[in-house]
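Reviewing the structure listed below.
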Amino acid sequence: METFVQLVVNGLGKGAVYALLALGFVVIFKATEVVNFAHGSLVLVGGYLVYALKDSMGWIGAAVVGIVSAALAGLVLERLLAGARNADHNGLALLTIGVDVIITEEIVRRIGADIPFIGDPYDSQPIQIAGLTIFRTQSIALVVGAVLITAFFLAFRFSSWGVAMRAQAENREAAALMGIRSSRVTATAWLVAGALAGVAVLFMATQDFSGAGLGRGTHAIALIAFPAAILGGLDSTAGAVVGGLVVGLTEALSAQYISFEFSKSAVFLVMLLVLVIRPSGLFGTKELSRV
Amino acid sequence: MLSVRGLSVRYGRSVRALESVDVEVGGDAVLAVLGGNGAGKSTLLRAVSGTLKLHGGSVTAGEITFDGRRIDRLDPALVVRQGVVAVPEGRQVFARMTVEENLRAGGLGARSASTRASSRERVRQLFPVLAERAGQRAGLLSGGEQQMLAIGRALMSDPKLLLLDEPSLGLAPQMVGRIARIIREIHEQGTAVVLVEQNATMALQVADRAAVLEVGRIALAGSAAELAASDDVQRLYLGGHAESQAQAESEEAEARAHRGRKVLSRWAG
Ligand SMILES: Nc1ncnc2c1ncn2[C@@H]1O[C@H](COP(=O)(O)OP(=O)(O)OP(=O)(O)O)[C@@H](O)[C@H]1O
Ligand SMILES: [Mg+2]
């Protein structure tokens, strides 16, 4: 029982991180209909700056710079895609794969033989309560994730930005006719997604999360955000959060009760199972309109 | 106010949707644009509101000015800022958003917060039903209510010129009459209107001036009363003289054969 509770808390903590990634992924998809395969490299950009700067400017300052840089990297990618005017959505998705390889290889090369962990203030300091051992990284990730996700949903539902985002996601032409500037909506989507990736990496490149340091290991973990987003429904923000949590729990529970090696496949099996039953994902669009 | 000169539009490389079209809209009039399926009515509105690109179309010749400023190269959102707002064909409300959110989206293009507030009041008075349904998803409204929402949403940014693409489409006669009265009222409040319609009876009642588009060209233009009295319009769009459906159809076929030459010789400047 105690193990189970520990697993659930740790799994939810990981799930919150996947949810942040999946949310960014979904926001980009909603605004642009492009599947961003370069999400993992946005994660690395943020993480790399934290790694490079934390000794000279302190962890907090480095974390802020990392988050901002990941957001800006998102914006740069957006401009790049906007430049490829004649490409369709599939062409653009392929372009993001190319960008992903370039950025990832460059960062891996710079890091070299190092396997940096960047969660200094909380990594490897488990919390003991009532006989339970809970990773501090996952607990903080859960709190930070909950705060950011709540803030995101409030903004998405109530702010003008949210109204513009949803309007454009639903009907580009009608949104343009409302005076909504699609280039701005798209740019903010990439900024938000990049910033969320920059936050996520602070928890991913830690001993607690998976023991994989910044580099290919983190990049591989970021890929788990895809099944999270897809099983939630690619165009559903709520789905991204639920998908993230499902993936985090699946991974944690299957690693314990089946085997660590199996846990990654388990995530994809759950995704396939969901897609067989509901092809548009758990919360994917079903038409409400009468017209 | 709005001036379209020598406008030609193409979709892709080969489909020519408009050929040197000239249209003038004064601030004090409702202009009706009539024409059959595929005549280019929606294309004309898309060219004015800047959304051609979203349909794979482009302006190949001519220019469009509004209050003396060129608008044919502007982003659609900037055309809205100039005061030209379109209600597209098929209403296109944001079905998954509430009625209230749809109106809010419409207000995003307003020039200031105060115009947004006064527009909201105007929409409330024109369409009381929208206030009753504020929290309901727009996709679940009836067709007539959706049309009212689409018009209300467009009014939220306080346009100087409102472009309406077939507002009567798919509506019962009673609702068509109601929409017609509302269009008239919007105009009397000081907004110029371009009304694209296949329902010529309704359009000519509402409009002061009218133009007929035929396969990409303006075939007839004049006051609404003149056009309503014209034989061609009677026969083709108002169903006048026709005793039966069959007769109407044969007359239409006959008119179609003559149309281009006959009409153009009389009206083309
Ligand atoms: N997106 C598009 N791509 C290619 N051709 C198009 C496109 N939209 C319209 N057309 C063509 O351009 C011409 C004019 O179309 P348009 O939609 O403007 O007509 P319309 O007068 O609005 O007709 P309707 O009354 O049926 O709405 C038609 O021949 C049509 O087939
Ligand atoms: Mg049309």
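The values are calculated or read from the model by the stated rules, or taken from the named source; none is laboratory data. This is a predicted model, so every value here is computed, not measured. Note that each Cβ is placed from the backbone with ideal geometry, even for glycine, and that neighbours are counted across all protein chains shown. For accessibility, only protein heavy atoms count, side chains too; no ligands or nucleic acids. Shrake-Rupley method; radii C 1.70, N 1.55, O 1.52, S 1.80 Å.
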To the nearest 20 debye, what is the magnitude of the charge dipole of the protein assembly as shown about its Cα centre, counting +1 on the Cβ of each Lys and Arg and -1 on the Cβ of each Asp and Glu?
540
Once amide H atoms are placed 1.01 Å from N in the peptide plane, what residues at a sequence separation of 5 or more from B:A17, or on another chain, have their amide H within under 5 Å of its amide H?
B:V9, B:R10, B:Y11
Taking B:60-66, B:11-17 and ranking on average Cβ neighbours within 10 Å, highest first, one gets B:60-66, B:11-17
Highest mean packing first, using Cβ neighbours within 10 angstrom, the peptides B:196-209, B:148-161 sort as B:148-161, B:196-209
Mean per-residue count of partner chain Cβ within 10 Å for B:90-99 equals 5
Could you work out the longest stretch of chain A that avoids the trypsin sites (Lys or Arg not before Pro) located in DSSP loops with at most 10 other Cβ atoms within 10 Å?
A:86-285
Rounded to 10°, Cα long-axis angle of helix B:113-126 versus longest principal axis of chain B
60
Below 8 Å, C-alpha to C-alpha, sequence gap of six or more: please give me the relative contact order for chain B in percent.
23
Amide H proximity to B:V87 below 5 Å, modelled H, separation 5+ or other chain, gives B:L163, B:L164, B:D165
Quantify how strongly other chains surround peptide B:101-110 by giving the mean number of their Cβ atoms within 10 Å of each of its Cβ atoms.
6
Alpha-carbon centroid distance for the pair segment A:72-133 / segment B:32-47, whole angstrom
49
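How well do other chains shield peptide A:166-173, expressed as the mean number of their Cβ atoms within 10 Å of each residue Cβ?
Counting other chains' Cβ atoms within 10 Å and averaging over A:166-173 gives 6.
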Could you run the Karplus curve 6.51 cos²θ - 1.76 cosθ + 1.60 with θ = phi - 60° over segment B:3-20 and give me ³J(HN,Hα) per residue in whole Hz, x for Gly and Pro?
9, 10, 10, x, 6, 10, 10, 10, 9, x, 8, 10, 7, 8, 8, 9, 10, 5
At a Förster radius of 25 Å, what calculated FRET efficiency corresponds to the Cβ-Cβ distance of B:S142 and B:A113, to the nearest 0.05?
0.20
Expressed as an acute angle from 0 to 90° and rounded to the nearest 10, what is the orientation of the C-alpha long axis of helix B:245-267 relative to the principal long axis of chain B?
90
Can you pull the accessible area of B:E24 for me, 1.4 Å probe, Å² to the nearest 10?
110
For A:A238 and A:S265, what does the FRET efficiency come to when R0 = 30 Å and r is the distance between their Cβ atoms, rounded to the nearest 0.05?
0.70
What net charge do the residues around B:K53 carry, taking every other residue with its C-beta under 13 Å from that of B:K53, with Lys and Arg at +1 and Asp and Glu at -1?
+2
Ranked output for segments B:211-219, B:136-144 by mean other Cβ atoms within 10 Å, highest leading, reads B:211-219, B:136-144
Could you give me the ³J(HN,Hα) list for segment B:197-210, computed from phi with Karplus coefficients 6.51, -1.76, 1.60 and θ = phi - 60°, whole Hz, x at Gly and Pro?
8, 9, 7, 5, 4, 5, 4, 6, 6, 7, 7, 8, 10, 8
HN-Hα J couplings of segment A:246-258 from phi, Karplus 6.51/-1.76/1.60, θ = phi - 60°, integer Hz, Gly and Pro as x?
4, 5, x, 5, 4, 5, 5, 6, 6, 5, 6, 8, 10
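Relative contact order (percent) for segment A:2-225, with alpha-carbon contacts under 8 angstrom and 6 or more residues of separation?
Details: 339 pairs, mean separation 89.3, N = 224.
Taking the mean separation of contacting Cα pairs over the length of segment A:2-225, I get 40 percent.
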Summing -39500 (n - 2.57) over every DSSP H run of at least 4 residues in chain B and dividing by its residue count gives a helix-only mean residue ellipticity at 222 nm, to the nearest 500 deg cm²/dmol, of -12000 deg cm²/dmol
Globularity index of chain A, i.e. its alpha-carbon radius of gyration over 2.2 N^0.38 Å
0.98
Amide H partners (placed H, <5 Å) of B:L213, local residues excluded
B:L34, B:G35, B:A219
For segment A:89-150 the mean separation of alpha carbon contacts under 8 Å (6+ apart) over residue count, i.e. relative contact order in percent, is 17
Cβ-Cβ cut-off under 15 Å around A:G98, Lys and Arg +1, Asp and Glu -1: the net charge is -3
Theoretical FRET efficiency, 1/(1+(r/R0)^6), r = Cβ-Cβ of B:L78 and A:E106, R0 41 Å, to 0.05
0.60
When the distances between all Cα atoms of the protein assembly as shown are binned every 20 Å from zero, what whole-number percent does each bin get?
20, 42, 26, 11, 1
Roughly how tilted is helix A:160-170, in degrees to the nearest 10 and between 0 and 90, from the longest Cα axis of chain A?
70
At what distance in angstrom do the alpha carbon centres of segment A:13-58 and segment A:140-174 lie from each other?
17
